[in-house]
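This report refers to the structure that appears directly beneath it.
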Amino acid sequence: MNDPQAQLHLGYFHLPLGRHPATWRRDEARGHPEDLAWAVEVARKAEVGLFDMIFLADNLVGPTPEGNGRGGGFEPLTLLGALAATTSHIGLAATVSTSFSEPFNLARMLASLDHMSGGRIAWNVVTSQLDRAAENFGMDALPEHDERYVRAAEFVDVVKGLWDTWDDGALRLDKESGVYVDLAGVRELNHRGAYYAVRGPLNVSRPPQGHPVIIQAGASAAGIALAGRIAEVAFAAQDTVQDGLAYREQLVRAASGQCTASAIRTSGATTSGAASGRAARIAGPLILPGIMPIIGRTSREARDKFEALQARTDVAAGLRQLSARWGCDLSSYDLDGPVPDPGPRVNGVSRVRMLLNKARTENYTLRDLATLAAASYGHRIIVGSPQEIADDLEHWFRAGAADGFNLIPAGMPDSLFDFVDLVVPELQRRGLYRTRYEGTTLRGHLGLSRPQRQPA
């Protein structure tokens, strides 16, 4: 059996029409944000490519100018239910915000999906970034940044505690003895904290994975502290190997309790039996930076493809996106002048830092950065032949800056299909990637141990 830690991991970030704003208008483009048959076709193609998981982001805001007018799409947990029934091996990850959910509801939804999929579910924990989202839930604005992460820490503790309110096998259905549920193997949670009071137990039995896999993408001080405390996989955004190594060091320190960030605490919470579970993985989460590969059969073909996309990019849309991230209106600045400093309240710390560093290092004008931001939304773009793409991924992996990558398609279907058909065989040839699924659960794919139920 292959050692999963010796080979890189791949996630597919599902964007039905791709990320680049110009790709959906190409004659060869396919896809629709609300076509289930297309989502199933794409998930099955990723499964053919032996991806660890398909990753669903979420957006709680309708179409906006800074989002280039895009909208539509399925609610992530609903789509995971359909994909659980139409795939057999690939992991299924969904983003759910702790700011607009309740622990009991989410715990039962994720536990249900883990049962339905045979143990293939992951939860990407976010706290949301936009006040416009808060306005859809009866709030004028989001709570302050660090408070959102304090609340998220308690939220995750409650969800894990609820998953542990059942012993494995407590749902007996023993016809001979007449025992439906072994009540001795089920307990109340009796959590009472600063933000939540939850009695329990959960009304769904313990998930097949014990706990669905926890993903987090924090890059601020509070976000890194939370990721170190709860995450088994970190979805990252770095532009250089050095940045990737520095990020790993921060996560390792956070996971080992050495993080000096503003403390993520449970604010006096009294959850019985809840624990962070970090001791068993002191080395920190698996790190999967987002990448957007532009693949050609030759280097020239890849560059031509990217240049054609960039030529159709709406600079004004990129500027609106940057303004939303920068926390200030950039429309009055000279497009051919230097990139201004961000405002005091940015949206997406890691993306802003990455974009700003690139602008300063490579002397980008505001126009240059707006065009790049429109294309990538702050993730790294790799342009090249299959061999060149594999070279890049291998370099990051061998250097220890990444345990794998989350593939963000520029356009569909070519970004995913070409990666599966051209890049995956090259990675396999180099011994960097699996040639078949060895297990049936997402934890198995990722080499993660199954959490033991915490005692009462």
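Things to note:
- Selection within segment 211-228 - part of a helix (DSSP H, G or I), farther than 25 Å from L80 by Cβ and in contact (Cβ under 8 Å) with a residue 40 or more places away in the chain: A221, A222, A225, G228
- Whenever a residue of segment 412-431 is over 22 Å from S376 (Cα atoms) and among the β-branched types (V, I, T), it has no partner that is at pLDDT 95 or above and open to solvent by 40 Å² or more (accessible area, probe 1.4 Å) lying with C-beta atoms less than 8 angstrom away and at least six residues away or across chains.
- Residue count for segment 84-111, restricted to those that are surrounded by 17 or more Cβ atoms within 10 Å (Cβ to Cβ), over 17 Å from the mean Cα position of the chain (by Cα) and over 21 Å from H191 (Cα atoms): 3
- For R151: the one exception among (1) touching a Lys or Arg at 6+ places or on another chain (Cβ under 8 Å); (2) without any contact (Cβ under 8 Å) to a residue 60 or more places away in the chain: (1)
- Any hit, segment 340-350, residues being at pLDDT 95 or above and among the charged types (D, E, K, R): no
- Criterion: assigned to a loop (DSSP other than H, G, I, E, B), surrounded by 16 or more Cβ atoms within 10 Å (Cβ to Cβ) and either modelled with pLDDT under 95 or not charged (D, E, K, R) (or both) - qualifying residue of G69, G31, G62: G31
- Just one residue in the set D336, D314, D368, D304 is closer than 30 Å to V420 by Cβ, charged (D, E, K, R), without any contact (Cβ under 8 Å) to a residue 60 or more places away in the chain and open to solvent by 50 Å² or more (accessible area, probe 1.4 Å); that residue is D304.
- For segment 339-352, filtered to residues that are surrounded by 14 or more Cβ atoms within 10 Å (Cβ to Cβ) and free of Cβ contacts under 8 Å to residues at least 24 places away in the same chain, the residue that is nearest to G218 (Cα to Cα) is V346.
- Count - residues of segment 229-245 that are in a helix (DSSP H, G or I), under 30 Å from D167 (Cα atoms) and β-branched (V, I, T): 1
- Number of positions in segment 375-387 that are part of a helix (DSSP H, G or I) and either basic (K, R) or crowded, with 19+ Cβ neighbours inside 10 Å (or both): 3
- Pairs with Cβ under 7 Å, 6+ apart, first in segment 443-456 and touching a residue at least 40 places away in the same chain (Cβ under 8 Å) and farther than 23 Å from L92 by Cβ, second open to solvent by 40 Å² or more (accessible area, probe 1.4 Å) and of a type in the set (A, V, I, L, M): Q454/A275
- Checking T127 against (1) under 23 Å from A221 (Cα atoms); (2) open to solvent by 70 Å² or more (accessible area, probe 1.4 Å); (3) not charged (D, E, K, R), the condition it does not meet: (2)
- Scanning segment 436-450 for residues that are closer than 15 Å to R206 by Cβ and open to solvent by less than 30 Å² (accessible area, probe 1.4 Å) returns a single hit, R443.
- Segment 34-50, subset in a helix (DSSP H, G or I), in contact (Cβ under 8 Å) with a residue 12 or more places away in the chain and not charged (D, E, K, R), residue most open to solvent (accessible area, probe 1.4 Å): V48
- Scanning segment 92-120 for residues that are small (G, A, S), within 21 Å of L50 (Cα to Cα) and either part of a loop (DSSP other than H, G, I, E, B) or touching a residue at least 60 places away in the same chain (Cβ under 8 Å) (or both) yields A93, G118, G119.
- Set G178, G161: member being under 30 Å from S449 (Cβ atoms) and either modelled with pLDDT of 95 or more or surrounded by 14 or more Cβ atoms within 10 Å (Cβ to Cβ) (or both): G161
The values are calculated or read from the model by the stated rules, or taken from the named source; none is laboratory data. Note that this is a predicted model, so its numbers are computed, not measured. Counting neighbours? That spans all protein chains shown, and the Cβs are built from the backbone with ideal geometry, glycine included. Note: accessible area is taken over every heavy atom of the protein model, side chains too, but ligands, DNA and RNA are not part of it. Shrake-Rupley method; radii C 1.70, N 1.55, O 1.52, S 1.80 Å.
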